[in-house]
1. Find the helices (runs of 4 or more DSSP H) located wholly in segment 72-158 whose residues include 1 or more that are touching a residue at least 24 places away in the same chain (Cβ under 8 Å) and either over 15 Å from the mean Cα position of the chain (by Cα) or more than 23 Å from Thr24 (Cβ to Cβ) (or both), and list them.
2. Among Thr68, Thr117, which is the only one that is under 25 Å from Gly33 (Cβ atoms) and surrounded by 12 or more Cβ atoms within 10 Å (Cβ to Cβ)?
3. Tally up the residues in segment 127-149 that are in contact with a Leu (Cβ under 9 Å, 6 or more places away or on another chain), open to solvent by 70 Å² or more (accessible area, probe 1.4 Å) and farther than 17 Å from Asp61 by Cα, please.
4. Just one of (1) part of a helix (DSSP H, G or I); (2) open to solvent by 30 Å² or more (accessible area, probe 1.4 Å); (3) within 21 Å of Arg158 (Cβ to Cβ) trips up Pro34, so point out which.
5. Thr2 versus (1) in contact (Cβ under 8 Å) with a residue 40 or more places away in the chain; (2) outside any helix (DSSP H, G or I); (3) touching a helix residue (DSSP H, G or I) at 6+ places or on another chain (Cβ under 9 Å); (4) surrounded by 14 or more Cβ atoms within 10 Å (Cβ to Cβ): which is the lone unmet condition?
6. Residues Ala77, Ala88, Ala25: which one is aliphatic (A, V, I, L, M), open to solvent by less than 50 Å² (accessible area, probe 1.4 Å) and over 18 Å from Arg135 (Cβ atoms)?
Amino acid sequence: MTADLNRSDWAATLPHRDYDAVLTATALHWVDGPRLAELYREIRDVLRPGGVFVNADHMPDDAMPTLTARLGERARARRDARHRAGAALSWPDWWAQAADDPVLGPLVEKRRQIYPTGHSPEWTPPAAWHLDALRAAGFTEAGVLWRGGADAAVAALR
């Protein structure tokens, strides 16, 4: 199954009509603000009553911009050190290795066909923006479930 979340008809490609839970992780920062607000409403519509939605992504804390920036700098420095030491692959190296894998290679090629120039610019509003958009989309409860530096997971109930 392939669906373009930038299109309002993406839910038609789903194998079922309603779900108990929907989880996204580091994916929705590719969607711009107005479309993401609509997408939240569409996700709400595919959830059963009482269903839960969780979105984990880059969501800085707008109440602590200086500390969030420092944490982000520290995380980047640690990640760069791990890459230089060979303890972890950089994203370009990871994608190159995946492209060489016999199982993942065709999927990497399919990704290249969908995103020939790479992904769209990232849009990373603060968690508060997501919570407001989730409530406006009709979720009955919304809050920060987890935070780690500039990353967070927000959860919402239908």
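The values are calculated or read from the model by the stated rules, or taken from the named source; none is laboratory data. Only a predicted model underlies this, so the values are computations on that prediction, with no experimental measurement involved. Cβ coordinates were reconstructed from backbone atoms using ideal geometry, including for glycine residues, and neighbour counts include every protein chain displayed. To get the accessible areas, we keep the full protein, side chains included, count just its heavy atoms, and leave off ligands, DNA and RNA. Shrake-Rupley method; radii C 1.70, N 1.55, O 1.52, S 1.80 Å.
1. It comes to 105-114, 127-136.
2. Going through Thr68, Thr117 in turn, just one is under 25 Å from Gly33 (Cβ atoms) and surrounded by 12 or more Cβ atoms within 10 Å (Cβ to Cβ): Thr68.
3. Within segment 127-149, residues that are in contact with a Leu (Cβ under 9 Å, 6 or more places away or on another chain), open to solvent by 70 Å² or more (accessible area, probe 1.4 Å) and farther than 17 Å from Asp61 by Cα number 2.
4. Answer for Pro34: the failing condition is (3).
5. Going through (1) in contact (Cβ under 8 Å) with a residue 40 or more places away in the chain; (2) outside any helix (DSSP H, G or I); (3) touching a helix residue (DSSP H, G or I) at 6+ places or on another chain (Cβ under 9 Å); (4) surrounded by 14 or more Cβ atoms within 10 Å (Cβ to Cβ) one by one, Thr2 breaks only (4).
6. Ala88
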